[in-house]
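Structure, as structure tokens:
The values are calculated or read from the model by the stated rules, or taken from the named source; none is laboratory data. Keep in mind that what you see is a predicted model, and the values were worked out from it rather than measured. Counting neighbours? That spans all protein chains shown, and the Cβs are built from the backbone with ideal geometry, glycine included.
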Amino acid sequence: MPVRTWETLKQACLNCTRCKLANTRTHVVVGNGNQNADVMLIGEGPGEQEDRQGIPFVGPAGQLLDKMLLSIGLERADVYVANIVKCRPPGNRDPAADEKEACMPFLRYQTHLVQPKIIVCLGRIAAQALISPDFKITKEHGVWYERKGFWMIATYHPSALLRDPMKKRPAYEDLKLIRQKIDEICPPLKPDGQ
């Protein structure tokens with residue numbers, strides 16, 4: 001599937017039946033935000049609210065994500081947000097290996113189209129898919145990795161912070177590291193569409 005445009009990618013995702021999640025989804029959640037962003041945030045998969053609206057991170061975890069971004073001087077319009085899988089796993093369970101594998105080409109195309117300098121993995125599932133299969137979020141969050149020309153870092157998923165507020169302090173320390181890296185390697189933020 002040669003993807004040269006956002007529209008081609010969107011149509012490919014909307015028509016996808018590569019795994020069983022296609023049978024239970026309400027909406028495909030492709031991604032959203034600044035398509036020219038220097039920073040790309042990647043979560044694990046859509047939740048109930050995201051499945052209803054077709055937009056990533058719109059439920060309680062998304063509201064917290066917006067606050068997290070604001071704490072380091074960013075808004076949703078400054079970044080691009082996507083997930084490992086584009087359809088909601090029933091009951092918000094972890095995506096299965098075959099589901100992640102089926103969706104990975106779409107994420108690669110998104111990353112190719114965005115061309116970010118920094119990729120932030122939100123949570124263990126994203127970090128294991130993108131950084132290392134045995135990634136331990138409690139031990140390895142806040143560590144920078146350079147992979148295929150991208151700077152990558154993982155932090156706690158916002159939903160984990162809602163379940164365990166004790167993780168908010170280390171997550172904020174991770175966010176400060178992300179801000180430092182943005183200031184170090186990114187030009188002033190690009191306006192959307194430019």
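How many residues are over 14 Å from the mean Cα position of the chain (by Cα) and either buried (at least 23 other Cβ atoms within 10 Å of the Cβ) or over 16 Å from Met40 (Cβ atoms) (or both) if we restrict to segment 69-87?
3
Of the conditions (1) within 28 Å of Ile153 (Cα to Cα); (2) touching a residue at least 40 places away in the same chain (Cβ under 8 Å), Thr26 satisfies every one except a single condition; which number is it?
(1)
Is it true that Val85 is part of a strand (DSSP E or B) and modelled with pLDDT of 95 or more?
Considered against the rule, which asks whether it is part of a strand (DSSP E or B) and modelled with pLDDT of 95 or more, Val85 comes out as no.
From the list Leu41, Leu64, pick out the single residue that is aliphatic (A, V, I, L, M), within 21 Å of Ile178 (Cα to Cα) and surrounded by fewer than 20 Cβ atoms within 10 Å (Cβ to Cβ).
On inspection, the qualifying residue turns out to be Leu64.
When both residues are 6+ apart or on different chains and their Cβ atoms are under 7 Å apart, which pairs have a first residue that lies in segment 35-48 and is under 16 Å from Leu9 (Cβ atoms), and a second that is among the acidic types (Asp, Glu)?
These pairs meet every condition: Gln35/Asp192; Asn36/Asp192; Ala37/Asp78.
Where the second residue is assigned to a helix (DSSP H, G or I) and charged (D, E, K, R) and the first is in contact (Cβ under 8 Å) with a residue 24 or more places away in the chain and lies in segment 161-173, which pairs have Cβ atoms under 6 Å and are six or more apart or on separate chains?
Note: pairs meeting the criteria are Leu161/Lys167; Leu161/Lys168.
Within segment 22-34, identify whether any single residue is in a strand (DSSP E or B), among the small types (Gly, Ala, Ser) and buried (at least 21 other Cβ atoms within 10 Å of the Cβ), and answer yes or no.
yes
Kindly state which helices (runs of 4 or more DSSP H) lie completely within segment 130-194 and contain at least 1 residues that are over 21 Å from Gly73 (Cα atoms) and at pLDDT 95 or above.
137-140, 158-163
When the residues of segment 116-131 are filtered to those that are touching a residue at least 40 places away in the same chain (Cβ under 8 Å) and over 16 Å from Ala97 (Cβ atoms), which remaining residue is surrounded by the fewest Cβ atoms within 10 Å (Cβ to Cβ)?
Step by step, filter segment 116-131, then rank; the result is Lys117.
Mind listing whichever residues of segment 132-163 are surrounded by fewer than 18 Cβ atoms within 10 Å (Cβ to Cβ), under 21 Å from Leu65 (Cα atoms) and among the hydroxyl-bearing types (Ser, Thr, Tyr)?
Of everything in segment 132-163, just one residue is surrounded by fewer than 18 Cβ atoms within 10 Å (Cβ to Cβ), under 21 Å from Leu65 (Cα atoms) and among the hydroxyl-bearing types (Ser, Thr, Tyr), namely Thr138.
Report yes if Pro56 is in contact with a strand residue (DSSP E or B) (Cβ under 6 Å, 6 or more places away or on another chain), assigned to a loop (DSSP other than H, G, I, E, B) and at pLDDT 95 or above, otherwise no. Spell out the reasoning first.
On the way: in contact with a strand residue (DSSP E or B) (Cβ under 6 Å, 6 or more places away or on another chain): yes; assigned to a loop (DSSP other than H, G, I, E, B): yes; at pLDDT 95 or above: yes.
The answer is yes for Pro56.
Among the numbered conditions (1) over 27 Å from Lys167 (Cα atoms); (2) outside any loop (DSSP other than H, G, I, E, B), tell me where Ala61 comes up short.
Answer for Ala61: the failing condition is (1).
Looking at (1) buried (at least 23 other Cβ atoms within 10 Å of the Cβ); (2) modelled with pLDDT under 95, which is the one condition that is false for Cys103?
The one condition Cys103 does not meet is (2).
How many residues are touching a residue at least 12 places away in the same chain (Cβ under 8 Å) and either farther than 18 Å from His27 by Cβ or touching a strand residue (DSSP E or B) at 6+ places or on another chain (Cβ under 8 Å) (or both) if we restrict to segment 73-95?
The total comes to 12.
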